[in-house]
Amino acid sequence: MAKTGIVTGGGSGLGQSAAVRLAEEGVNIAVVDINKEGGNATVEMVKEAGADAIFIKANVSDPAEVKQYVDKTVDHFGTIDYFFNNAGISGSGKHFLDTEIDEIENIVGINLLGALYGVRYVSEVMLNNGGGSIVNTASSAGVIGQDSVVTYSATKHGIIGLTKSMVAEYAQEGLRVNAIAPGPTETPMVKEFYEANPKMKENATGGIPQKRLGTPEEVAELVAFLLTSKAQYINGEVIRIDGGFTNTK
């Protein structure tokens with residue numbers, strides 16, 4: 001029987017690439033995004049890769065909408081085996097004391113509360129069915145401090161705490177929870193951020209030993225590995241995929 005996965009932020013970037021990569025493994029996908037056009041495009045890509053897919057529009061910072069995407073997935077596919085808890089935003093790139101309170105609240109709401117709500121409702125389904133596998137998207141900014149992304153960095157450090165603590169509570173019940181910590185990666189979100197802050201792209205690329213940004217496809221390979229049965233004894237880990245960026249810090 002085919003497995004089922006939820007991918008949040010599935011309308012572009014890491015989420016889209018991971019959804020397609022999982023589909024190549026025969027995993028049916030619930031694509032969750034606030035962007036209907038991007039989400040539906042991913043659905044078509046998943047179907048072309050040979051799996052079934054549905055799109056669910058949701059604002060992940062709203063717990064009612066998170067519960068709704070979980071319920072709709074179960075209604076359509078019957079269960080949830082995998083969860084790529086990936087939706088997130090970066091922010092303006094301003095220094096923290098120049099950042100408006102509305103921006104801080106928005107980043108925390110999507111990146112951290114959205115991730116917490118997702119794990120809360122998805123884990124409930126997984127544990128009722130004997131277990132499952134979750135991959136949370138942290139960041140290189142979740143394992144080191146970085147200027148101009150203070151709120152973003154705080155949320156990504158929080159993702160790592162969420163990952164490790166869920167394992168402490170629920171690993172014995174069949175739940176696996178890992179996190180990825182991508183460095184600068186060629187996603188639409190990162191490209192938009194660097195267009196607004198070109199000096200930061202120069203600094204970031206110069207600080208990566210491999211001297212290039214990562215690709216969504218490279219990250220998707222790691223996500224698929226961690227979610228599936230190939231990684232059964234990997235639990236509570238934070239895997240850096242950053243070309244050596246944080247290794248030099």
Here is a list: Met166, Met200, Met189. Which entry is farther than 17 Å from Ala87 by Cβ, at pLDDT below 95 and assigned to a helix (DSSP H, G or I)? Met200
How do the pairs read when you match residues in segment 159-175 that are farther than 15 Å from Tyr121 by Cα with residues anywhere that are exposed (fewer than 13 other Cβ atoms within 10 Å of the Cβ) and not hydroxyl-bearing (Ser, Thr, Tyr), using Cβ under 8 Å and keeping only pairs 6 or more apart or on different chains? Gly174/Gly130
Run Ala64 past the list (1) without any contact (Cβ under 8 Å) to a residue 24 or more places away in the chain; (2) of a type in the set (Gly, Ala, Ser); (3) under 16 Å from Ala220 (Cβ atoms) and report the number of the one that doesn't hold. (3)
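For Tyr194, are the conditions met, namely being in a helix (DSSP H, G or I), touching a residue at least 24 places away in the same chain (Cβ under 8 Å) and either surrounded by 23 or more Cβ atoms within 10 Å (Cβ to Cβ) or not β-branched (Val, Ile, Thr) (or both)?
On the way: in a helix (DSSP H, G or I): yes; touching a residue at least 24 places away in the same chain (Cβ under 8 Å): no; either surrounded by 23 or more Cβ atoms within 10 Å (Cβ to Cβ) or not β-branched (Val, Ile, Thr) (or both): yes.
Answer is no for this residue.
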I need every pair where a residue in segment 82-97 that is within 15 Å of His157 (Cα to Cα) and touching a residue at least 60 places away in the same chain (Cβ under 8 Å) has its Cβ under 6 Å from the Cβ of a residue that is surrounded by 17 or more Cβ atoms within 10 Å (Cβ to Cβ) and among the aromatic types (Phe, Trp, Tyr), sequence separation at least 6 or different chains. Ser90/Tyr152; Ser90/Phe193
Single condition Val46 does not satisfy, out of (1) farther than 23 Å from Tyr121 by Cα; (2) without any contact (Cβ under 8 Å) to a residue 40 or more places away in the chain; (3) surrounded by fewer than 24 Cβ atoms within 10 Å (Cβ to Cβ); (4) not acidic (Asp, Glu): (3)
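Out of the residues in segment 238-249 meeting the condition of being in a loop (DSSP other than H, G, I, E, B) and either surrounded by fewer than 17 Cβ atoms within 10 Å (Cβ to Cβ) or touching a Cys at 6+ places or on another chain (Cβ under 8 Å) (or both), tell me which one is modelled with the highest pLDDT. Working first, answer last.
To start, the set of residues in segment 238-249 that are in a loop (DSSP other than H, G, I, E, B) comprises 242-245, 249.
Those still in the list that are either surrounded by fewer than 17 Cβ atoms within 10 Å (Cβ to Cβ) or touching a Cys at 6+ places or on another chain (Cβ under 8 Å) (or both) too: 244, 249.
Numbers: Gly244: 94, Lys249: 69.
Ranking the candidates gives Gly244 first.
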Among residues of segment 1-20 being surrounded by fewer than 22 Cβ atoms within 10 Å (Cβ to Cβ) and not small (Gly, Ala, Ser), the residue modelled with the lowest pLDDT is Met1
Name the residues in segment 169-186 that are assigned to a helix (DSSP H, G or I) and either touching a helix residue (DSSP H, G or I) at 6+ places or on another chain (Cβ under 9 Å) or among the aromatic types (Phe, Trp, Tyr) (or both), would you? Tyr170, Glu173
Selection within segment 100-129 - farther than 16 Å from Gln68 by Cβ and either in contact with an Asp or Glu (Cβ under 9 Å, 6 or more places away or on another chain) or among the polar types (S, T, N, Q) (or both): Asn106, Gly109, Asn111, Ser123, Met126, Leu127, Asn128, Asn129
Among the residues of segment 167-191, count how many are surrounded by 21 or more Cβ atoms within 10 Å (Cβ to Cβ), touching a strand residue (DSSP E or B) at 6+ places or on another chain (Cβ under 8 Å) and over 19 Å from Phe225 (Cβ atoms). 1
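The values are calculated or read from the model by the stated rules, or taken from the named source; none is laboratory data. Predicted model, so just to flag it, every value in this text is computed and none were measured. As a convention, Cβ positions derive from the backbone with ideal geometry for all residues, glycine included, and neighbour counts pool all protein chains shown.
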